[in-house]
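Here the structure comes first, spelled out in structure tokens, and everything after it is commentary.
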Amino acid sequence: GLGRLDSVSAALSYSPGTLRVDSASLLAGGGEVRLSGRFPVSFSLSPFSAVLDPDAPLEAKASLRGSAEPMEGLLSEFLVLEGSEVQGEVLLYGTPARPLLTGSLKLSASGGVLVSTSTYLKSVEGQVVFEGDKLTLANIRARADGGEALVSGQVLLYPELASNISVHISDFPVMPDPFLEARVSGTLEISGKPARPFIKGNTVSYTHLRA
């Protein structure tokens, strides 16, 4: 989930069927998310309930700046970032049943760890562009001890989640060990559903004992 929040402040108003967020601010670890918009929500007090209309229009804007800590919890299963920063603005529209996004986010970090291979990263940078029902990964680059990985491609949100992503790897260190060094180079193409991706490509790996 999202990272720990240090503070939340908001100015809200409600009319039947619509919750209006005039302004909201979420602060966490030096990062800030500002939110405004209108959401199709109906409240009942006896007993208390809140019901989101899945087919009614919604409209919201989120601006992010500073530390990426509020987002890091979403990445923690595969990527841990250090000294991260994010900047950008995203508009949310459509309906709750089929939300659409437009805008872009720039992300950078001075270090981190790729969880799957325990690789320490010296830097991460890139941009995510939202275009309605798809998002584009625009040259997300990770550098690690003389090697690098470059990720680009698109993720389609509808009619079901699917991706078409290219990963270019050059002399990238994996599974670091004090006595053994392993590196990988090559290109991978990842497509299809995240739960059952189709992966093709060619990679070359080599290992040797450290001096």
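Could you list all residues from region 180-201 that are in contact with a Lys or Arg (Cβ under 6 Å, 6 or more places away or on another chain) and more than 13 Å from Gly146 (Cα to Cα)? Before the answer, list the steps.
At the first step, the residues of region 180-201 found to be in contact with a Lys or Arg (Cβ under 6 Å, 6 or more places away or on another chain) are 181, 189.
Across region 180-201, the qualifying residue is only Glu189.
Among the conditions (1) at pLDDT 85 or above; (2) open to solvent by 60 Å² or more (accessible area, probe 1.4 Å); (3) under 22 Å from the mean Cα position of the chain (by Cα), Phe43 misses just one, which is (3).
Picking from residues in region 169-207 that are under 23 Å from the mean Cα position of the chain (by Cα) and of a type in the set (D, E, K, R), the one that is least open to solvent (accessible area, probe 1.4 Å) is Glu189.
Screening Leu121 with (1) within 15 Å of the chain's Cα centre (by Cα); (2) crowded, with 17+ Cβ neighbours inside 10 Å; (3) not aromatic (Phe, Trp, Tyr) gives one miss only, at (1).
Would you call Pro173 at pLDDT below 90 and over 14 Å from Leu121 (Cβ atoms)? Outline the logic, then answer.
Working: at pLDDT below 90: yes; over 14 Å from Leu121 (Cβ atoms): no.
Judged against the criteria, Pro173 is not a match.
Checked against the criterion of being more than 12 Å from the chain's Cα centre (by Cα), modelled with pLDDT of 85 or more, surrounded by 15 or more Cβ atoms within 10 Å (Cβ to Cβ) and not small (Gly, Ala, Ser), the candidates Leu107, Leu101, Leu135 yield just one match: Leu101. Does Val129 satisfy the condition of being free of Cβ contacts under 8 Å to residues at least 60 places away in the same chain and touching a helix residue (DSSP H, G or I) at 6+ places or on another chain (Cβ under 9 Å)? Answer is no for this residue.
Considering region 104-157, the residues that are charged (D, E, K, R) and assigned to a strand (DSSP E or B) include one that is nearest to Val204 (Cα to Cα), namely Glu148.
Screening Glu160 with (1) open to solvent by 40 Å² or more (accessible area, probe 1.4 Å); (2) outside any loop (DSSP other than H, G, I, E, B); (3) farther than 20 Å from Lys122 by Cβ gives one miss only, at (2).
Could we say that Ala56 is not aromatic (Phe, Trp, Tyr) and not in a strand (DSSP E or B) here? In short, yes.
Filtering region 1-40 to residues that are open to solvent by 60 Å² or more (accessible area, probe 1.4 Å), of a type in the set (Gly, Ala, Ser) and within 19 Å of Asp55 (Cβ to Cβ) leaves nothing.
The values are calculated or read from the model by the stated rules, or taken from the named source; none is laboratory data. Being a predicted model, the structure only gives us computed values, none of them experimental. As a convention, Cβ positions derive from the backbone with ideal geometry for all residues, glycine included, and neighbour counts pool all protein chains shown. When the accessible area is computed, the model is the full protein with side chains, heavy atoms only, and any ligands, DNA or RNA have been set aside. Shrake-Rupley method; radii C 1.70, N 1.55, O 1.52, S 1.80 Å.
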